[in-house]
């Protein structure tokens, strides 16, 4: 089973301008399929700061990510604050750049009729969750503003030595600042779409980063270090069946 990161397709998917500014699929090995995994249908647990949401996106590249991983999520974000109304919840994400935005925008961006998936780091469920102000301070100090990494390489930097970061990498590194035992990236494997990735990386004059460390929504979903709380209740319909 393969594991994918969110990615940017600046040239290969010009017909999808929004996603072209924010998504790429990078693969890491997984041995459990989404269809075989037991998970809660709906989350009855209120959102709290530091929670992770996995997001399904609707585009050609996003569908490829989901088919490759066997997990119907191609983006991930971190909850910034608790609120009784979802319309009052904000999130942190890497989408074009690292930024804070509304959960409402994420829900509208998600694939129609699909739900976000709610997860919580195990350490946060045991009384160690960061506060809204803690998250804000760390984000401002370490992650804002950070350029999106079109090359999807762990610990990548630009010509000025400033770190570039993609969505799942951001989620892992952001929540790691609050964990006693940090989440670890996994070796990436580009198998099912090998020719595609060779064409993609050719535009950067790079070899496909086979075996290099990476992260993805699937890595987060299958991690034993995060609790599965279920699909987030919004006004959207039931989750789709994977092809």
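The values are calculated or read from the model by the stated rules, or taken from the named source; none is laboratory data. On a predicted model such as this, the values are computed, not experimentally measured, just so you know. Because the Cβ atoms are built from the backbone with ideal geometry, glycine has one as well, and the counts that use them run over all protein chains shown.
Consider residue 153 carefully, then state whether it is at pLDDT 95 or above, part of a loop (DSSP other than H, G, I, E, B) and surrounded by 13 or more Cβ atoms within 10 Å (Cβ to Cβ). No, not satisfied. Counting the residues of the stretch 197-223 that are without any contact (Cβ under 8 Å) to a residue 60 or more places away in the chain and on the phi < 0 side of the Ramachandran plot gives 12. Going by what's in this entry, would residue 205 be described as more than 30 Å from residue 125 (Cβ to Cβ) and exposed (fewer than 13 other Cβ atoms within 10 Å of the Cβ)? Considered against the rule, which asks whether it is more than 30 Å from residue 125 (Cβ to Cβ) and exposed (fewer than 13 other Cβ atoms within 10 Å of the Cβ), residue 205 comes out as yes.
Residues checked against (1) buried (at least 18 other Cβ atoms within 10 Å of the Cβ); (2) touching a helix residue (DSSP H, G or I) at 6+ places or on another chain (Cβ under 7 Å); (3) at pLDDT below 90:
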site: 177; (1), (2), (3): no, yes, no
site: 194; (1), (2), (3): no, no, yes
site: 216; (1), (2), (3): yes, yes, yes
site: 222; (1), (2), (3): yes, no, no
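Restricted to the stretch 96-127, and to residues there that are within 19 Å of residue 62 (Cβ to Cβ) and free of Cβ contacts under 8 Å to residues at least 24 places away in the same chain, the residue that is surrounded by the fewest Cβ atoms within 10 Å (Cβ to Cβ) is 108.
Only one of the numbered conditions (1) surrounded by fewer than 20 Cβ atoms within 10 Å (Cβ to Cβ); (2) under 15 Å from residue 176 (Cα atoms); (3) out of contact with any helix residue (DSSP H, G or I) (no Cβ under 7 Å at 6 or more places or on another chain) is not met by residue 130, and that is (1).
For the stretch 141-148, the count of residues that are at pLDDT 90 or above, part of a helix (DSSP H, G or I) and surrounded by fewer than 19 Cβ atoms within 10 Å (Cβ to Cβ) is nonzero. Checked against (1) touching a residue at least 24 places away in the same chain (Cβ under 8 Å); (2) surrounded by fewer than 20 Cβ atoms within 10 Å (Cβ to Cβ); (3) touching a strand residue (DSSP E or B) at 6+ places or on another chain (Cβ under 8 Å); (4) under 18 Å from residue 233 (Cβ atoms), residue 86 meets all criteria but (3). Looking only at the stretch 94-127, residues that are over 17 Å from the mean Cα position of the chain (by Cα) and within 17 Å of residue 173 (Cα to Cα) come to 3 in all.
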